[in-house]
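Below is one structure, written out as structure tokens; comments come after it.
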Amino acid sequence: MKVLSVVGNRPQFIKSGPVSTALHAAGIEEVVLHTGQHYDPELSQVFFDELGLAEPRYRLEVGGLARGDMLGALRPGLLEAIRAERPDWVLVYGDTNSTLGGARAAQEAGVPLVHVEAGLRSNDLSMPEEHNRIETDRLAQLLFCPDERSRATLEREGVSGRIEVVGDVMADACFRLAPIARDRSTILDVTGVRPLEFVLATIHREANTEPGRLARILQGLSRIEEPVVFPAHPKTRVAIGHVRGQTPAHVRLVQPLGYLDLAALASQARVIVTDSGGLQKEAYWYGVPCVTTRPSTEWVDTVELGANVLVDDDPDRLVEAVRGATMPRDLPPLYGDGRASVRVAEALVSTLPPR
């Protein structure tokens, strides 16, 4: 059996690590295609180096394009790779433009599609990611869900593919690598902070790099009393330049970080402020309260359980949420037990691809 895996951004690189290991152990040949959606070395190659990921056989280099342009640019390269490799499955992760591009190409080429992280919904159609999730789930023949809520969503929507609840493959990486990160990384010394005495902030979503929203979020960060370590995505750093004067000294802008350094920071922060879907989950697994600078989230359970607070771009709510952030006691495990990747591989081995 052969699988063509499509990846393109930081969370997908992290998720692909344990899945690739599980596929290999199950005797499945994997071919990796990197779309280039994240093309900066700090957001791309560092993850292949740190996590020991297989070198992509295909690189499409389409980074920096708007959604419609990117989807158009992805199509010919994806179709060429699929037709050359003749895989049994095309596998995509999450909700990015790379995800949807891979899904559409698989359909056009007549190859069955696997969607890892299926069934998630923020119920916010102003987010491009929500449209990507919905369309990809409708196109997939095999849908791997992180939890029963996601399964129920897909059943309500009447998707035609087979649904399996396997857990979250990112948890597999998190549980295995976080202790290694804390042991090996020197990032706390480099940034001059001590465990549980700083706030980690990451802001990168397109809506939040719009000058008005970004200025309000930066205003909130500037009023936090503790040091704020802010690894800035390249496009975020450019946007910050347009609202210069909004970042006081205690908000420490640093370059984008590899997985191990970011895991070391995230797992030892007092609070995480983010618009990242992945970090919302990682915060929960690390036992760190999360404040999310979005009006909605696909990881609804974290909010319902009180481990995550949505503040949108309101600086007053952001400051208050950080000040009062605590992790509730006796939280249930969410999104799996660290063996999701093994279940993905087992399900692929036991499933005859529909042709």
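The values are calculated or read from the model by the stated rules, or taken from the named source; none is laboratory data. Computed from a predicted model, the values in this text were never measured in an experiment. Reconstructed Cβ throughout: ideal geometry from the backbone, glycine too, with neighbour counts over all protein chains shown.
Looking at the structure I just gave you, is VAL228 more than 21 Å from the chain's Cα centre (by Cα) and touching a residue at least 24 places away in the same chain (Cβ under 8 Å)? So VAL228 fits the description; yes. Inspect region 71-94 for any residue being part of a loop (DSSP other than H, G, I, E, B), touching a helix residue (DSSP H, G or I) at 6+ places or on another chain (Cβ under 8 Å) and of a type in the set (A, V, I, L, M, F, W, C) and give the result as yes or no. No, region 71-94 has no match at all. Go through region 266-277 and give me each residue that's closer than 28 Å to ARG121 by Cα and not in a loop (DSSP other than H, G, I, E, B). Within region 266-277, ALA266, SER267, VAL271, ILE272, VAL273, THR274, GLY277 qualify.
Kindly indicate whether ARG216 is touching a Lys or Arg at 6+ places or on another chain (Cβ under 9 Å), surrounded by 17 or more Cβ atoms within 10 Å (Cβ to Cβ) and touching a residue at least 24 places away in the same chain (Cβ under 8 Å). Answer is no for this residue. Only one entry in ARG294, ARG343 is at pLDDT 95 or above and assigned by TED's automatic domain parsing to the domain that holds CYS145, namely ARG343. The criterion of at least 1 residues that are in the same structural domain as VAL273 (by TED's automatic domain parsing) and closer than 30 Å to VAL116 by Cα is met, among strands (runs of 3 or more DSSP E) falling completely within region 168-260, by 199-202, 228-231.
Picking from residues in region 88-119 that are within 23 Å of GLU206 (Cα to Cα) and acidic (Asp, Glu), the one that is surrounded by the most Cβ atoms within 10 Å (Cβ to Cβ) is GLU117.
A single member of GLU130, GLU197 is closer than 19 Å to TYR286 by Cβ and surrounded by fewer than 21 Cβ atoms within 10 Å (Cβ to Cβ), and it is GLU197. Checking each residue in region 290-338 for being closer than 14 Å to ILE272 by Cα and under 16 Å from the mean Cα position of the chain (by Cα) picks out CYS290, THR292, THR293, ARG294, THR302.
Confirm whether GLY161 is buried (at least 23 other Cβ atoms within 10 Å of the Cβ), within 26 Å of LEU33 (Cα to Cα) and not basic (Lys, Arg). It is false that GLY161 is buried (at least 23 other Cβ atoms within 10 Å of the Cβ), within 26 Å of LEU33 (Cα to Cα) and not basic (Lys, Arg). Restricting VAL229, VAL166, VAL193 to residues that are under 30 Å from ASP147 (Cβ atoms), touching a strand residue (DSSP E or B) at 6+ places or on another chain (Cβ under 9 Å) and among the β-branched types (Val, Ile, Thr) narrows the list to VAL166. The residues in region 300-324 that are in contact (Cβ under 8 Å) with a residue 40 or more places away in the chain, assigned to a loop (DSSP other than H, G, I, E, B) and either more than 23 Å from LEU196 (Cβ to Cβ) or in the same structural domain as GLU129 (by TED's automatic domain parsing) (or both) can be counted, and the count is 2. When SER160, SER98, SER150 are checked against the criterion of being modelled with pLDDT of 95 or more, assigned to a helix (DSSP H, G or I) and among the small types (Gly, Ala, Ser), SER150 stands alone in meeting it.
If we scan region 278-286, do we find a residue that is in contact (Cβ under 8 Å) with a residue 12 or more places away in the chain, surrounded by fewer than 21 Cβ atoms within 10 Å (Cβ to Cβ), among the aromatic types (Phe, Trp, Tyr) and in a helix (DSSP H, G or I)? Within region 278-286, one or more residues are in contact (Cβ under 8 Å) with a residue 12 or more places away in the chain, surrounded by fewer than 21 Cβ atoms within 10 Å (Cβ to Cβ), among the aromatic types (Phe, Trp, Tyr) and in a helix (DSSP H, G or I).
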